[in-house]
1. Using only C-alpha atoms and all pairs of different ones, pull out the Kirkwood radius for the stretch 218-274 in Å with one decimal.
2. Stokes-Einstein diffusion coefficient for the stretch 74-148 at 10 °C in a medium of 1.306 mPa s, Rh from the Kirkwood formula over Cα pairs: what value in µm²/s?
3. Placing +1 at every Lys and Arg Cβ and -1 at every Asp and Glu Cβ, with all other atoms neutral, what dipole size does the chain have around its Cα centre, in debye to the nearest 20?
4. Order the peptides 154-161, 135-142 from the highest to the lowest mean number of other Cβ atoms within 10 Å of their residues.
5. Where does the charge balance sit around Ala251 when Lys and Arg score +1, Asp and Glu -1, over other residues with C-beta under 13 Å from its C-beta?
6. What's the local net charge at Ile161, with K and R +1, D and E -1, over the other residues with C-beta under 11 Å away?
7. Convert each backbone phi in the stretch 30-36 into a coupling constant with the Karplus relation 6.51 cos²θ - 1.76 cosθ + 1.60 (shift: θ = phi - 60°), then list the ³J(HN,Hα) values in order as whole Hz, x for Gly and Pro.
8. Please report how far the C-alpha centroid of the stretch 123-145 lies from that of the stretch 226-248, rounded to the nearest whole angstrom.
Amino acid sequence: MGAQLRVYKRRIRSVTATKKITKAMEMIAASRVVKAQRKVAASTPYATELTRAVTAVATGASDKHPLTTEAENPTRAAVLLLTSDRGLAGAFNSNAIKAAEQLTEKLRAEGKEVDTFIVGRRGLAHYNFRERKVVESWTGFTDEPAYGDAKLVAGPLIEAIEKETAEGGVDELHLVYTEFVSMMTQNAVEARLLPLSLEEVAKEAGTKDEIRPLYDFEPSAEDVLDALLPRYVESRIYNALLQSAASKHAATRRAMKSATDNAGDLINNLSRLANAARQAEITQEISEIVGGSAALADATAGSDK
């Protein structure tokens with residue numbers, strides 16, 4: 001076997017092994033995205049009804065609540081960025097990071113300081129590499145987030161917005177995550193969680209044009225709002241974590257399918273080159289045999305004379 005043919009065969013074996021790995025990762029991601037979709041669908045009714053309740057209480061409250069009232073001169077904002085712990089998902093993480101950076105620039109242009117909170121090792125590594133300050137980060141649960149993880153993330157953010165800005169608090173809370181639209185489409189989006197915009201919240205919950213019932217609140221609307229708003233933030237973050245997880249698995253599946261297809265194309269090309277090299281070797285061997293036979297025949301004829 002010639003040296004060139006050995007090189008082609010070695011590369012074919014290497015690419016074939018890579019193809020098996022990417023195919024396995026594609027199948028794993030496909031199974032996970034189905035589970036993540038189910039969790040997103042299961043969490044939606046709770047989030048919708050909780051949003052309706054928050055809207056009703058906030059609308060019925062006679063006094064302005066600090067979590068639903070715009071600051072006169074907001075000077076500080078918190079941005080929560082949701083990324084993944086693992087890569088191999090195409091532009092999933094880079095799109096979310098880009099959206100967060102654009103939001104940060106916009107807030108700073110408005111004269112606000114920005115505190116960044118990050119979920120996921122990829123986002124944290126991006127900020128650490130560029131030596132950008134991160135107030136707090138969480139890792140290890142982005143593939144299969146639980147409600148307890150959302151509560152863990154929401155705790156410091158709720159505390160920050162309840163504090164005065166002079167004590168390290170913030171006036172606004174923004175969320176950047178990847179919205180799952182379909183298996184082929186996932187969009188990096190940003191949303192302001194707090195202070196609540198009742199019009200936007202009612203629109204999201206589908207209650208904007210509804211006739212709302214009258215409620216009596218015990219002990220008061222403000223106390224009920226104090227209890228509901230943390231649950232609202234937790235449910236929004238949980239839903240965003242689930243959507244990001246589903247989006248990540250869909251992006252991984254798409255990336256691994258592309259890698260598998262490319263590996264197959266490369267194997268076909270290498271196989272054609274290997275066949276051409278083998279044919280060239282065979283042709284050369286035949287030429288050498290024919291040339292040797294002719295030389296032998298000439299030598300024999302000369303000796304007979």
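The values are calculated or read from the model by the stated rules, or taken from the named source; none is laboratory data. Note that this is a predicted model, so its numbers are computed, not measured. Because the Cβ atoms are built from the backbone with ideal geometry, glycine has one as well, and the counts that use them run over all protein chains shown. Quick note on the areas: whole protein, heavy atoms, side chains included, nothing else; ligands and nucleic acids left out. Shrake-Rupley method; radii C 1.70, N 1.55, O 1.52, S 1.80 Å.
1. Values: mean 1/r = 0.0649 Å⁻¹.
Its Kirkwood hydrodynamic radius stands at 15.4 Å.
2. On the way: Rh = 12.9 Å.
The diffusion coefficient I find is 123 µm²/s.
3. Details: 40 positive and 42 negative charges, 460 e Å.
Charge dipole, the chain, about its Cα centre: 2220 debye, nearest 20.
4. Working: 154-161: 18.9, 135-142: 17.1.
The most tightly packed comes first, giving 154-161, 135-142.
5. On the way: positive: Arg32, Arg86, Arg122, Lys248, Arg253, Arg254, Lys257; negative: Glu26, Asp143, Glu179.
Spelling it out: positives minus negatives among the neighbours equals +4.
6. On the way: positive: Arg76, Lys163; negative: Asp115, Glu159, Glu162, Glu164, Asp171, Glu172.
Surrounding charge for Ile161 is -4.
7. Per residue, the Karplus-derived 3J(HN,Hα) values read 5, 6, 6, 5, 5, 5, 5 Hz.
8. 18 Å
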